[in-house]
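Asks: Quick one: the structure is below, and I'll ask about it shortly.
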Amino acid sequence: MTDRMARDMLGDPVLAQRNPAPRIIVDSRHFRNESTSRINVNAITNRLRVGLNRAAKGRMVFVGRQYIDVVERERELKRQGKVDVATTGLTRAAAGADYRLVGTITSLDKRSPSTGLMSRYSQIVFEMLDLEAGTLIWSGIYEFEKAAADDVLYR
Amino acid sequence: MKWMGASCATAACVLGLAVSGCQTAFQDHEKKLVVAPELMNDFLADKPASTHRLYRNVLVHGDRNLVLNYIRAGLAALDVGDLDAAEASFDVAVEKIDAIYADNKEAKEARSKFTKENIKDFKGESYERAMAFYYRGLLYLMRGDYGNAQASFGSGLLQDVYAEDQEYAQDFASLAFLRGWAYRCQGSESAAVQSFKEAFALHKKQLEQEVRPVKVALSRLRAPLGNHNVLLVGEAGAAPRKMATGQFNERLIYRRGAPHSVAWMVFRGADEHVAAYPFEDIFWQASTRGGRPVDYIMEGKAAFKEGAETVGKVALAAGAATGMYALQTQDRNAAIASGVLLLGGLFAEAISNATRPDADLRQWDNLPENIYLGTAEIPPTLKTLEVAHFDATDKPVSYANRTVNVTFTGQCGIAWTRTVSALAVPDEAPDSIAPEYVVKKDPASATSNEAAESAE
C-alpha cells in the first residue's frame, strides 16, 4: 500500500513537479486510527516517508518535524559558539513546511453468528494538507478486505 | 464346562481392558508439562515476582491454556502496576483470540466423542474475549495510544456478536463508552459522539432487561463534558462462575460470583470529588449469551453416551439371564449366546465410559463482576486519588480505601482501581489442568527427566 501511495504522489504534478520542490512533513501525528485494527501508525508513515524520499530524488523535500528538539538544540549550540557552523552554513530558522500528510483508517466489520464468517473492510485515506491555506492538495484512498470463518467450536 | 469358563474369562478380560483404558478422570491433554528450570527462570525473569505463580502456568499448561494463563497473569501484572508485563501478556492473548481457527487439529479432536471439549485452545467465551480487549484497551489508554485503545474496545464489541438471541449481541455498553472516550482523546469527535450514543442506548437496554440481586443498576453516568480530561474506571466483585449441568455435565451454565454491594465509587483528590457509576455487569454479559453451536455437539456426545450405556446395560442383563439359563439347562448354544451378549454389553459400556461430553469449564477467574465509569476535569499535576465505595443506600462499603495513580501520558488521564485484587485467585484457573501429580514431559522444553523433576 505504501509503495502504491508513493507512486500516486510522485505522479501528481502539484506535488512532484513544482519548482522549488515542496517541503513536506510525513509523520504519524495527524494520522487517526478509527478502525478496529490495532496498528502501528508509525510503521505506515515511516515506510511511506522512506519510500517517497528515495523515489523523489529531490522533487520533494521532507521536513523531520518529529526531530525538531534535536534541531533546535544543535542550532543553539552553533549560535552560542560551543560548536562550529559545520559545512552547510546557518539559516535564519529551521525549515518550515508547505504540506503535511494527514489521514484516517476506518473499518467496517461484520460477523455472522450463524456461519462464524468475519469480514473486515478497511479504508485508509491519506491527504496532503496545505499548511498555509488549509486546502487539501492531494488525496488518496486505499481499500482492502479480509474474510475468514472461525471453527464452530469458537462461535 | 470348559467353554463356559473361557467365555467368562474373555468377557472379564475385555471389561478390564476397556474400563481401565477408557474411564480416567483426566485425559492426556490435561496433564501438566514438566519444564526445565532454566527455561522457567528465563521466562519469569521479566515478570513481577508476585505474579510468578500465575505466569509459570503459561509454560506448564502449554498452548491449550496459553490465552487463559496470559489473561489471568496479565491482569495480575496490571494490578501490581507492571504495565510492560501486562501489555506483553494481553498482546499474546488478543492476537490468539483474533486468530481464525479453521482446520485446527485440537478443534477437530474436541468434536470427537472420546475427547473432552477442553482439548481445544482456550479463547474464552464471548464475554471473556471481550474483556481481554477491554484490558488491552485500558493499557493503551494508560500509554496515551488512543487510536489503538479505540481499536481494542471496538474489537471487544465484535467478540460479543455470537449471542443466540440477537437481542443480546454486541451489547457491551462499557466498551462502547470507552471507545467513545478513546475517540475523543484522539480528536475523532464525531466518532466519539456516535460511540457515546451507542453506549447509553445499550446501557438503557440493559437496565430495562436486567434482574439483579443488588439494585445498583440505576446508573447516573453521563457522556463526558468537553472539558473532562480524566477517565475513572472501577471494578468490583467476583467473576461469573462456569458450571456444568445435564446428565453428563455436558451443558455450560453461569452463576454469579460472591455477592458484593458496591453501588458506586468516589475518586477523591484535594479539591476533587468524582463519582463513578456502574456501567457493566459481566455476569449479565456471560449469562445472556444463550446456546453455543458447540452445545449441540456436546448434546450429541451425551446422547451417544446414554445410548451406549443403555445398550450395554440391556445386553449385560440379557447375557446374565441367558447365562443362568445355560447353567441350569447345560445348553451349549445358550452359553455361547450369553457370552456374546456379555461381550457386547461390556463393549457398549466401555464405549459409553470412553465418551466425554464434558463441557469446557476453564474460566477467567480474576475478572470483576461490575465495571464503574466516570469522567472529570482534573489537573494533570494531580498524581493520585483516594477511592471510596458506597452501597445503594449511599452508606460506605467496608472495602479498604485505595490510593490509585492517575496516569497522564497523552492529553487524557486515566485512573483504574478494583475492590478485589487480581492476585486473589488460586495458582491455577478452575478446571484448567489435572492435579500436580499428573505430569507429562514436554520434549521441546524439558532437558531431561532429572532436571524436569527437580523443576517441580
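The values are calculated or read from the model by the stated rules, or taken from the named source; none is laboratory data. This structure is a prediction, so every number in the text was calculated from the model and none was measured. So basically every Cβ, Gly included, is an ideal-geometry build from the backbone, and we count neighbours across all protein chains shown.
Conditions tested, residue by residue: (1) of a type in the set (Ser, Thr, Tyr); (2) more than 30 Å from B:Ala350 (Cα to Cα); (3) surrounded by fewer than 24 Cβ atoms within 10 Å (Cβ to Cβ).
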residue: B:Lys116; (1), (2), (3): no, no, yes
residue: B:Ala149; (1), (2), (3): no, yes, no
residue: B:Gly156; (1), (2), (3): no, yes, no
residue: B:Gln170; (1), (2), (3): no, yes, yes
residue: B:Ala173; (1), (2), (3): no, yes, no
residue: B:Ala176; (1), (2), (3): no, yes, no
residue: B:Ala182; (1), (2), (3): no, yes, no
residue: B:Ser188; (1), (2), (3): yes, yes, yes
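Asks: Within region B:146-200, restricting attention to residues that are more than 9 Å from every other protein chain (Cβ to nearest Cβ) and outside any helix (DSSP H, G or I), which residue is modelled with the highest pLDDT?
Replies: Restricting to residues being more than 9 Å from every other protein chain (Cβ to nearest Cβ) and outside any helix (DSSP H, G or I), the top hit is B:Phe172.
Asks: Give me a count of the residues in region A:124-155 that are away from chain B (no Cβ under 14 Å) and in contact (Cβ under 8 Å) with a residue 24 or more places away in the chain. I'd like the intermediate steps shown before the answer.
Replies: First pass over region A:124-155, keeping only residues away from chain B (no Cβ under 14 Å): A:126-145.
Still in the list and also in contact (Cβ under 8 Å) with a residue 24 or more places away in the chain: A:126-132, A:137-138, A:140, A:142, A:144-145.
So the count comes out to 13.
Asks: Any idea which of (1) closer than 22 Å to B:Leu361 by Cα; (2) within 12 Å of chain A (Cβ to nearest Cβ) is the one B:Glu87 doesn't satisfy?
Replies: Of everything listed in (1) closer than 22 Å to B:Leu361 by Cα; (2) within 12 Å of chain A (Cβ to nearest Cβ), B:Glu87 misses just condition (1).
Asks: So if I check each of B:Asp103, B:Asp84, which one is in a loop (DSSP other than H, G, I, E, B), acidic (Asp, Glu) and out of contact with any Phe, Trp or Tyr (no Cβ under 9 Å at 6 or more places or on another chain)?
Replies: Going through B:Asp103, B:Asp84 in turn, just one is in a loop (DSSP other than H, G, I, E, B), acidic (Asp, Glu) and out of contact with any Phe, Trp or Tyr (no Cβ under 9 Å at 6 or more places or on another chain): B:Asp103.
Asks: May I pose another question? Of everything in region A:48-76, what is hydrophobic (A, V, I, L, M, F, W, C), within 18 Å of the chain's Cα centre (by Cα) and more than 19 Å from A:Pro13 (Cβ to Cβ)? Give them in sequence order.
Replies: Step one: list which residues in region A:48-76 are hydrophobic (A, V, I, L, M, F, W, C), which gives A:48, A:50, A:52, A:55-56, A:60-63, A:68, A:70-71.
Subset that is within 18 Å of the chain's Cα centre (by Cα): A:48, A:50, A:52, A:55-56, A:60-63, A:68.
A:Leu48, A:Val50, A:Val63, A:Ile68 - these are the residues of region A:48-76 that are hydrophobic (A, V, I, L, M, F, W, C), within 18 Å of the chain's Cα centre (by Cα) and more than 19 Å from A:Pro13 (Cβ to Cβ).
Asks: Considering region B:84-134 alone, what residues qualify as being within 16 Å of the chain's Cα centre (by Cα), under 16 Å from A:Val152 (Cβ atoms) and among the aliphatic types (A, V, I, L, M)?
Replies: B:Ile119 - this is the single residue of region B:84-134 that is within 16 Å of the chain's Cα centre (by Cα), under 16 Å from A:Val152 (Cβ atoms) and among the aliphatic types (A, V, I, L, M).
Asks: Among the listed residues B:His228, B:His203, identify the single one that is in the same structural domain as B:Gly410 (by the TED database) and in a loop (DSSP other than H, G, I, E, B).
Replies: Details: B:His203 fails: in a loop (DSSP other than H, G, I, E, B).
Going through B:His228, B:His203 in turn, the sole match is B:His228.
Asks: Does any residue of region B:260-267 turn out to be surrounded by fewer than 21 Cβ atoms within 10 Å (Cβ to Cβ), assigned to a strand (DSSP E or B), at pLDDT 90 or above and away from every other protein chain (no Cβ under 14 Å)? Give the steps one after another, and end with the answer.
Replies: Going through region B:260-267, the residues surrounded by fewer than 21 Cβ atoms within 10 Å (Cβ to Cβ) turn out to be B:261, B:266.
If we keep only those that are assigned to a strand (DSSP E or B) as well, we get B:266.
From what's left, at pLDDT 90 or above: B:266.
Among the residues that remain, those that are also away from every other protein chain (no Cβ under 14 Å) are: B:266.
Scanning region B:260-267 turns up at least one residue that is surrounded by fewer than 21 Cβ atoms within 10 Å (Cβ to Cβ), assigned to a strand (DSSP E or B), at pLDDT 90 or above and away from every other protein chain (no Cβ under 14 Å).
Asks: Would you mind stating whether B:Glu125 is within 12 Å of another protein chain (Cβ to nearest Cβ) and either under 27 Å from B:Asp79 (Cα atoms) or of a type in the set (Asp, Glu) (or both)? Walk me through how you get there before you give the answer.
Replies: Working: within 12 Å of another protein chain (Cβ to nearest Cβ): yes; either under 27 Å from B:Asp79 (Cα atoms) or of a type in the set (Asp, Glu) (or both): yes.
When the stated conditions are applied, B:Glu125 passes them.
Asks: Among the helices (runs of 4 or more DSSP H) lying completely within region A:1-94, list those that include at least 3 residues that are out of contact with any strand residue (DSSP E or B) (no Cβ under 9 Å at 6 or more places or on another chain) and either surrounded by 12 or more Cβ atoms within 10 Å (Cβ to Cβ) or away from every other protein chain (no Cβ under 14 Å) (or both). Walk me through how you get there before you give the answer.
Replies: On the way: elements: A:2-10, A:13-16, A:41-56, A:68-79.
Per the criteria, A:2-10, A:41-56, A:68-79.
Asks: Looking at B:Ala354, B:Ala320, B:Ala350, which is the one that is in contact with a Ser or Thr (Cβ under 8 Å, 6 or more places away or on another chain) and not basic (Lys, Arg)? Step through it out loud before you land on a result.
Replies: Numbers: B:Ala354 fails: in contact with a Ser or Thr (Cβ under 8 Å, 6 or more places away or on another chain); B:Ala350 fails: in contact with a Ser or Thr (Cβ under 8 Å, 6 or more places away or on another chain).
That would be B:Ala320, the only listed residue that is in contact with a Ser or Thr (Cβ under 8 Å, 6 or more places away or on another chain) and not basic (Lys, Arg).
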